[in-house]
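Enquirer: Here's a structure for you.
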Amino acid sequence: MDADFQSDLFGFLHIDLNSFFASVEQQLHPEYRGQPTGVVPTLADTTCLIAASYEAKALGIKTGTRVLDARRLCPGIILVNGSHSQYAEYSHKIVAAVERVCPVAHTPSIDEMVCQLMGRERQPPNARRISLAIKQAIKDDVGETLRCSIGMAPNRYLAKIASDMQKPDGLIGLLPSQLPRSIAHLELRDLPGIGARTEARLNAKGIRTMPELLALDRAGMHNLFDSVWGDRMYHWLRGEDTGDDGAPVPSDVQKSLGHSHVLAPEHRSPEGAWSVAHKLLHKAAMRLRMEKFFAASLAVTIKYALSREQTALIPKAKKHLSGITQTGWGMEARFRPCQDTLSLLEALQGCWRQAPSAAEHAKPFFVGVTLRNLIPEAEMQTMLFEEPGNRNQLSATMDKLNLKYGHTTLHFAGMLPARDSAPTRIAFTQIPVQYGTEYM
Ligand SMILES: [Mg+2]
């Protein structure tokens with residue numbers, strides 16, 4: 001394998017259901033299939049469509065079109081009063097179908113799912129096979145009208161962009177070696193996080209096209225956005241991942257494995273958030289072992305919804321894409337590399353005990369659990385099976401691993417407290433909350 005091929009890997013799949021609400025209606029009502037169909041929140045002429053089938057889209061009708069205009073463009077359009085609970089049920093069925101093929105790491109919205117690829121799955125031919133198998137699983141398990149566009153890319157940001165590049169039933173891969181050239185033909189508004197207001201702001205600063213944006217260096221991007229958001233975007237558009245400070249982290253080695261979840265309204269309490277975090281951890285630990293990795297640190301992120309009064313008191317409050325005004329908290333724990341659920345659970349509990357409990361932290365609505373500092377099992381075994389008497393060789397192996405994965409990865413066992421005294425075995429680090437990924 002040459003170096004270029006080795007680094008031309010995908011990291012994420014972004015699955016976006018096409019015309020989701022309208023497709024569910026066509027699945028439930030075979031007589032709507034092949035017909036221009038619109039979904040409305042109430043059956044009134046003054047309202048707007050919240051979804052349109054592809055047959056309606058072909059006539060120029062789309063989400064946001066007023067019922068009066070839709071009827072003018074297509075007098076025979078079928079209009080259906082949408083049922084959110086039905087769409088939520090279909091969303092769950094789709095997640096279950098996708099998980100027959102690959103675990104779902106994030107569900108950014110009711111009709112979007114993100115899978116994190118690991119190991120051999122990251123090789124483009126395998127990623128493509130997985131994507132096609134996902135499309136087939138949705139068709140077989142949920143219904144033939146439910147089509148999706150899948151984006152394959154080195155990071156989540158580009159995977160979302162790729163999922164939007166071909167509709168319906170698309171499959172687009174953005175290879176690291178072809179970036180950012182392969183996205184240069186897009187409009188600025190095609191980039192997640194650039195809405196009408198941001199676009200106007202960029203235009204005012206002389207940036208109107210993707211080639212103009214891509215011509216900027218990292219400092220130029222920082223100045224353009226006047227925040228670390230610009231630094232992040234600079235690297236994301238080039239296929240790299242970034243830390244919280246916007247600096248790139250190498251993406252040729254698998255570094256982390258994350259799962260996140262937006263809580264259903266009935267789970268928006270500290271107890272509900274814990275039960276979800278617990279489930280996410282089990283899922284991540286299972287995947288860690290399945291893909292043959294050890295983890296040496298665990299990070300937790302919680303986002304809390306703020307009331308209007310609380311928002312007024314917190315000047316830096318941000319808005320989640322769901323419209324919720326939020327504040328966040330995050331923490332990272334480092335520990336001896338492990339892959340068993342019990343040790344990882346201890347680390348999660350240790351973090352959780354330190355979560356804030358003030359009035360503004362009463363309504364958690366988002367939980368993320370990420371296993372970091374991953375070490376391939378094969379490299380761990382090199383160390384574990386080392387001859388016990390040969391300390392030099394052991395140290396050399398440890399140094400090699402520490403150099404490669406960061407200096408906190410491994411220590412001599414004697415430097416660590418006893419295995420069952422979990423609270424001191426785990427070192428905790430407060431980490432800044434990762435804002436800037438709310439659009440995902
Ligand atoms: Mg969609």
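The values are calculated or read from the model by the stated rules, or taken from the named source; none is laboratory data. Predicted model, so just to flag it, every value in this text is computed and none were measured. Here Cβ is always computed from backbone atoms with ideal geometry, including for glycine, and neighbour counts include all displayed protein chains.
Enquirer: What about Ala96, is it surrounded by fewer than 20 Cβ atoms within 10 Å (Cβ to Cβ), within 16 Å of the ligand (Cβ to nearest atom) and part of a helix (DSSP H, G or I)?
Expert: In short, no.
Enquirer: Looking at (1) modelled with pLDDT of 95 or more; (2) within 14 Å of the ligand (Cβ to nearest atom); (3) under 30 Å from Pro176 (Cα atoms), find the lone condition where Val39 falls short.
Expert: Of the numbered conditions (1) modelled with pLDDT of 95 or more; (2) within 14 Å of the ligand (Cβ to nearest atom); (3) under 30 Å from Pro176 (Cα atoms), the odd one out for Val39 is (3).
Enquirer: Based on this model, can you work out whether Cys102 counts as in contact with a Lys or Arg (Cβ under 7 Å, 6 or more places away or on another chain) and farther than 13 Å from Val142 by Cβ?
Expert: No, not satisfied.
Enquirer: For the list (1) within 30 Å of Pro125 (Cα to Cα); (2) among the basic types (Lys, Arg); (3) touching a residue at least 12 places away in the same chain (Cβ under 8 Å), I need the number of the one condition that Arg181 fails.
Expert: Of the numbered conditions (1) within 30 Å of Pro125 (Cα to Cα); (2) among the basic types (Lys, Arg); (3) touching a residue at least 12 places away in the same chain (Cβ under 8 Å), the odd one out for Arg181 is (3).
Enquirer: OK, next. Of (1) in contact with an Asp or Glu (Cβ under 8 Å, 6 or more places away or on another chain); (2) in contact (Cβ under 8 Å) with a residue 24 or more places away in the chain, Ile50 satisfies all except one. Which?
Expert: Unmet condition: (1).
Enquirer: Go through the stretch 206-218 and give me each residue that's exposed (fewer than 12 other Cβ atoms within 10 Å of the Cβ) and either of a type in the set (Ser, Thr, Tyr) or under 26 Å from Asp245 (Cβ atoms) (or both).
Expert: Passing the criteria: Ala215, Asp217.
Enquirer: Here is a follow-up. May I ask you to list pairs of residues, at least six apart or on different chains, whose Cβ atoms are under 8 Å apart, with the first in the stretch 220-236 being under 13 Å from Ile194 (Cα atoms) and the second being among the β-branched types (Val, Ile, Thr) and surrounded by 18 or more Cβ atoms within 10 Å (Cβ to Cβ)?
Expert: Close Cβ pairs (under 8 Å, with a partner that is among the β-branched types (Val, Ile, Thr) and surrounded by 18 or more Cβ atoms within 10 Å (Cβ to Cβ)) amount to Leu224/Ile207.
Enquirer: Looking at the structure I just gave you, is Ala184 away from the ligand (no atom under 14 Å from the Cβ), surrounded by fewer than 20 Cβ atoms within 10 Å (Cβ to Cβ) and among the aliphatic types (A, V, I, L, M)?
Expert: yes
Enquirer: Under 9 Å by Cβ, and 6 or more places apart or on different chains, what pairs join a residue from the stretch 6-33 that is farther than 30 Å from Asp241 by Cα and away from the ligand (no atom under 16 Å from the Cβ) with one that is part of a loop (DSSP other than H, G, I, E, B) and of a type in the set (Gly, Ala, Ser)?
Expert: Leu28/Gly143; Tyr32/Ser53; Arg33/Ser53
Enquirer: Test of understanding: among Leu132, Leu146, which residue is within 16 Å of the ligand (Cβ to nearest atom) and in contact with a strand residue (DSSP E or B) (Cβ under 9 Å, 6 or more places away or on another chain)?
Expert: Just one listed residue meets the conditions, Leu146.
Enquirer: Now, a different point. What are the pairs, 6+ residues apart or on separate chains, where a residue within the stretch 113-141 that is in a helix (DSSP H, G or I) has its Cβ under 7 Å from a residue that is aromatic (Phe, Trp, Tyr)?
Expert: Note: pairs meeting the criteria are Arg122/Phe10; Pro124/Phe10; Ala127/Phe10.
Enquirer: With the requirement that a residue be outside any loop (DSSP other than H, G, I, E, B), more than 16 Å from the ligand (Cβ to nearest atom) and in contact with a helix residue (DSSP H, G or I) (Cβ under 9 Å, 6 or more places away or on another chain), what does the stretch 157-181 give you?
Expert: Scanning the stretch 157-181 gives Tyr157, Leu158, Gly173, Pro176, Ser177, Arg181.
Enquirer: Here is a list of conditions, (1) modelled with pLDDT of 90 or more; (2) outside the structural domain of Ala358 (by TED's automatic domain parsing), and Gly243 meets all of them except one; can you say which number that is?
Expert: (1)
Enquirer: Scan the stretch 99-114 for residues that are in contact with a helix residue (DSSP H, G or I) (Cβ under 7 Å, 6 or more places away or on another chain) and either farther than 23 Å from Gln86 by Cβ or within 16 Å of the ligand (Cβ to nearest atom) (or both) and report the count.
Expert: Matching residues across the stretch 99-114 total 9.
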